[in-house]
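Encoded as structure tokens, the structure appears first; notes follow it.
Every number in this text was worked out from the coordinates using simple rules, so none of it is lab data. Because the structure is a prediction, the values reported are computed rather than measured. Note: ideal-geometry Cβ built from the backbone for every residue, glycine included; neighbour counts use all protein chains shown.
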Amino acid sequence: MARAFGLVLLLISLYIGMEIYTKGIEHTLGGAFAPIQPMSQRETPLATGLTPAAGLADEPASPDRPVKITDAVRNRVSADLAAGAGRLEQEAASAQ
């Protein structure tokens, strides 16, 4: 009995998952999983624009992007790739 219940539960879950995947969450099972008010029916969007204080703010001083933590890793990987390409060029030149 437990196996049959588990199989039925699995099939129901699979059906609901496929319905959500194909139709979207707003149209699945007649809207049972839809949010309280779908985005298409809202009168105003969630974000209404800049606040007055944000409009008065100055632009950033430098247009450069901030230094990210991954920049050091990116530089190291780029250097390793360049070194490997240089070795391949040397091997190709020495083979000829």
| request: Could you compute the FRET efficiency for residue 11 and residue 70, with r as their C-beta to C-beta distance and R0 at 30 Å, rounded to 0.05? | output: 0.10
| query | Short version: ³J(HN,Hα) in whole Hz for each residue of the stretch 80-92, in order, from phi by Karplus 6.51 cos²θ - 1.76 cosθ + 1.60 (θ = phi - 60°), x for Gly and Pro, what are they? | reply | 5, 5, 5, 5, x, 5, x, 5, 5, 5, 5, 5, 5
